[in-house]
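Contents: one structure, followed by commentary.
The values are calculated or read from the model by the stated rules, or taken from the named source; none is laboratory data. Because the structure is predicted, anything quoted here is derived from the model rather than measured. Here the Cβ is made from the backbone with ideal geometry for all residues, glycine too, and neighbour counts use every protein chain on show. Surface areas here come from the heavy atoms of the whole protein model, side chains and all, with no ligands, DNA or RNA. Shrake-Rupley method; radii C 1.70, N 1.55, O 1.52, S 1.80 Å.
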Amino acid sequence: MKTSDEKYLEELHIALRWHDLSGARVGEVLAEVETHLNETGEDPVRAFGRPREYAALVVDALPPNSGKMSTAEKIGGAFTTGVLAYFGVSFLSRGLAGGAVTYTPVDAVSSAVLLVLILLGVALFLRSATAVEAKNRRSYGIGGAVAVLAAIASAGVAHRLVDEGETLFELPAAGGIAIGAALLLVVVVMLAKAIKRGKVVDPR
Amino acid sequence: MSNKAVSGRRAQWLRGVLDLAVLALLAESGEDYGYTLLQRLTEAGFPEMKAGTLYPLLNRLAADGLVRSEWRAGEGGPGRKFFALTDEGRGVLSEQGPQWTEFARNAIAVLERGVRT
């Protein structure tokens, strides 16, 4: 196989991954392209278009039930994992620090704002990674970066705008460690499932 | 008319008939794989056929249950993915093929009258 063909297949692999197709579907597409290029000797861009363009065509042609996650599923999955990881780390670290785990109105507001901005940033970065036009990639990428910077800034701003207020709930250190560890275990299981789903299988 | 406009119009014609044409070719040959299907479409006069157009279509037809696909080991080489019509695909071709050819006949008649004027 020519070096240019291998490079094309690598770029196509990455482009397909950004659309979050299952590993089985990615393997199928790569096998079709590789087989065709080996048989014809054709230039891959001439035969299939640029990797990003072909990945977008492949995804557009797929019906919903064929190894393609919808945008809502992708964002929902990322959001759920993010929330569980955020609270898992927060509870576990506070518990391990020895004190009770307390949550105040400031914590609730800053957590909510942080998670919404991180979610927006992730969604914009995903759109940037799968956009075919360079100007759209730039716009979404810049939007994602702005959202993430705003998330970082929000942590400091929340304490100035919201009164500390009464404690919303309090957990003993052991409770914080147990709940934090349980949430992080769920995150590990979700990530393991995602890795298994994403494993590329060559069908040949 | 610019080359881009001509090419865009031809792409529209192709989009309107390519799936039925692929079903028809598979009905003719029983089964086939991507590369030779591409050659047969080009030889039949379909303009600017590319692998990047055909393979997503074949996979969509498979996902819709109109064709089935199977990887088979090649003789001394990597495998090939063969496609064949399913009964449902045969049914769609039998029903929509005649409808399309009637539509095409009517369109040809209108255009030929206009061109002769």
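Couple of notes before you dig in:
- Separation in nanometres of the label points that stand 7 Å from Cα toward Cβ, at residue A:166 and residue B:24: 7.8
- Computed over chain A: relative contact order in percent, which uses C-alpha pairs under 8 Å that are six or more apart: 33
- Share of alpha-carbon pairs per 10 Å distance bin for the protein assembly as shown, given as whole %: 5, 19, 24, 19, 14, 10, 7, 2, 0, 0
- Solvent-accessible surface of chain A, taken per residue with a 1.4 Å probe and all protein chains present: 54 Å².
- Modelled label positions at residue A:79 and residue B:70, each set 7 Å beyond Cα in the direction of Cβ, lie 4.5 nm from each other.
- Difference of contour (0.36 nm per residue) and Cα-Cα distance, residue A:112 to residue A:97: 3.1 nm
- Cross-link partners of residue B:4 among lysines, defined as those whose alpha carbon lies under 20 angstrom from its own and excluding same-chain residues fewer than eight positions apart: B:50.
- Sequence-separation-based contact order of segment A:109-204, relative, with Cα cut under 8 Å and 6+ spacing, percent: 27
- Sites residue A:17 and residue A:193, calculated FRET efficiency, Cβ-Cβ separation with R0 22 Å, nearest 0.05: 0.85
- Computed from the Cβ-Cβ distance with R0 of 22 Å, the FRET efficiency linking residue B:111 to residue B:42 stands at 0.40.
- Relative contact order, percent, segment A:95-161 [alpha-carbon distance under 8 Å, six or more residues apart]: 39
- Measuring spread by the Cα atoms of chain B yields a radius of gyration and Dmax of 16.4, 60 Å.
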